[in-house]
Amino acid sequence: MRQEFLHAWAGYKQYAWGHDELKPLSKSYHDWHSVSLCMTPVDALDTMIVMGLDDEAKKAKDLIVNRLSFNQDIFVKNFEITIRLLGGLLSSYQLTSEKALLQLAEDLANRLLPAFSSPTGMPYVNVNLKTGAVRDENTNPAEIGTLLLEFGTLSKLTGKPIYYEKAKKALVELYNRRSQIGLVGAGINVKSGAWTDVTSHIGGGIDSYYEYLLKGWLLFGDKDCEQMWRTSIAAINKYLADDSPNGLWYGQANMNTGARTGTIFGSLDAFFPGELALSGDLERARRLEESCYKMWTAFGIEPEELDYSRMKIAYNGYALRPEIIESAYYLRHFTKDARYIEMGHTFLDSLVKYCRTEVAYAALKNVETKQKRDSMESFFLAETLKYLYLLFAPPNTLDLTQVVFNTEAHPLRRTWTSG
Ligand code: DMJ
């Protein structure tokens, strides 16, 4: 796995050094904003450390410390910047004790804090890093509820409670707006607190809200998170789980009535077997990962969205996503079953066969034709290759009793003693 990581990283170094992302087909780069925020190096740094690639890690760390500045007049997505950059800086700080990384994290979080200034305390989508101006009030549960691990860890490491408090309030405000049957919808307005889309599911736009209820409990011992997780998972299993003739899936339902409204499952939903395994529900976790595996093998590589009732593709891209591999990693860890190593080989073989390019790896525009797309998102190095590496690595290469991964696979550790 190290070889594959080094292959992709070498492409980034050669054609995109200092920029956010490599464009693997045109051999050029892409920045998310008018200036680079070093997305790929920050996201990838702890993978290098975990893989023992010390020289590469040092180069990436030097680039970040010397080049990265958040004093920029740009609007950024609070959610993406939190999970990728704040998460990456914090985990790399915990792994290296390099103070400059913690300073960058704290500076970044201070610039993101104005995002929480809505009447409900749920964050606006975008915030300007220099001016603190905010915009975009229509958002979703994932963007509101996937902040506590990063902001909370920063509070624990700095002794400043404000970060934990802001992220926790946002999470609780969201949870308090669940329906009478315990579900959340796909869209919500942070000013009014009203739902704008009542479709409930576990996929993109909602997914990591649930993940952080569970992990907020595991990382911080937060009892409110435990209770919110327990209530939520009961509703999910009651209304969203679909025990269909071709296996266990999770589809869409109306958040108020629980009536089934869709049978779409996709590559983002594939984080859920891992989530179930981490929560102790190995039976559902195993069955759902088998369904995910069917989704992958039916086309040689998984589509972004599948209608599982007919096994027909609903959206045919593949963005180099990690979730199905992440789930295999958790299942391998908790069951010790070699089945998940077998799955891992299938995933790796497909990636090499269909996505590997001369200089790195590329997303697929179409999983049926296998036509490539000129994109390698930073999560490929942060997550996809890290989880593959850990899946094949000796057990307890990272001790899961000590480590909680944020949603971007940045390992956070409970290094603090109190609170
Ligand atoms: C990553 O940024 C995170 O895993 C997020 O939770 C979902 N999308 C991508 C990977 O697919």
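Shown here are the Rg and Dmax of the Cα trace of the chain, at 20.0, 56 Å.
Could you work out the helix-only [θ] at 222 nm for the chain, with each DSSP H run of four or more residues adding -39,500 (n - 2.57) and the total divided by the number of residues, to the nearest 500 deg cm²/dmol? Using -39500 (n - 2.57) per qualifying helix, the result is -13500 deg cm²/dmol. Rounded to the nearest 20, the Cβ-based charge dipole of the stretch 288-399 about its Cα centre (Lys and Arg +1, Asp and Glu -1) stands at 280 debye. Report the net charge of residues surrounding Lys365, where surrounding means a beta-carbon distance below 15 angstrom and charges are Lys +1, Arg +1, Asp -1, Glu -1. Once positives and negatives cancel, what remains is -1. Taking a cut-off of 18 Å between Cα atoms, list the aspartates and glutamates near Lys13, but don't count ones fewer than 8 places away on the same chain. Within the straight-line limit of under 18 Å, Lys13 reaches these aspartates and glutamates: Glu4, Glu21, Asp31, Asp43, Asp46, Asp54, Asp55, Glu56, Asp62, Glu358, Asp374, Glu377. For the chain, set up a Gaussian network in which alpha carbons nearer than 10 Å are linked by springs, and say which option among Arg321, Arg67, Arg356 fluctuates the most. In the Gaussian network model the winner is Arg67. The GluC sites (Glu not before Pro) of the stretch 340-369 that meet both conditions, a loop assignment by DSSP and at most 14 other Cβ atoms within 10 Å of the site Cβ, are Glu358, Glu368.
From most to least packed by mean Cβ count within 10 Å, the peptides 136-142, 229-235 give 136-142, 229-235. Spelling out what I want: for every residue of the stretch 94-99, take phi, set θ = phi - 60°, compute 6.51 cos²θ - 1.76 cosθ + 1.60 (Karplus), and round to whole Hz; glycine and proline get x. With the stated coefficients, the stretch 94-99 comes to 5, 7, 10, 6, 7, 4 Hz.
For Lys294, a cut-off of 25 angstrom between C-alpha atoms picks up these lysines, skipping any fewer than 8 places away in its own chain: Lys238, Lys312, Lys336, Lys353, Lys365, Lys370, Lys372, Lys386. Centre-to-centre, using Cα atoms only, the stretch 313-378 and the stretch 270-299 are separated by 15 Å. Taking the stretch 28-148 as the region of interest, the number of lysine pairs whose Cα atoms are within less than 18 Å, with members eight or more places apart or on different chains, is 4. Residues considered: Leu390, Leu400, Leu22. Largest GNM mean-square fluctuation over the chain, using C-alpha springs under 10 Å, is found at Leu400.
Subtracting the Cα-Cα distance of Val35 and Asn246 from 0.36 nm times their residue separation leaves 71.2 nm of extension gain. In this structure, the amide hydrogen of Leu412, modeled 1.01 Å from its nitrogen in the peptide plane, lies closer than 5 angstrom to those of Val404, Phe405, Asn406, counting only residues at least 5 positions away or on a different chain. When only Cα pairs below 8 angstrom with a gap of at least 6 residues are kept, the chain shows a relative contact order of 16 percent.
Taken together, the values in this text are just the output of simple stated rules run on the coordinates, not laboratory data. Here the structure is a predicted model, which is why all the values come from computation and not from measurement. Ideal geometry is used to build each Cβ from the backbone, glycine not excepted, and the neighbour counts take in all protein chains shown.
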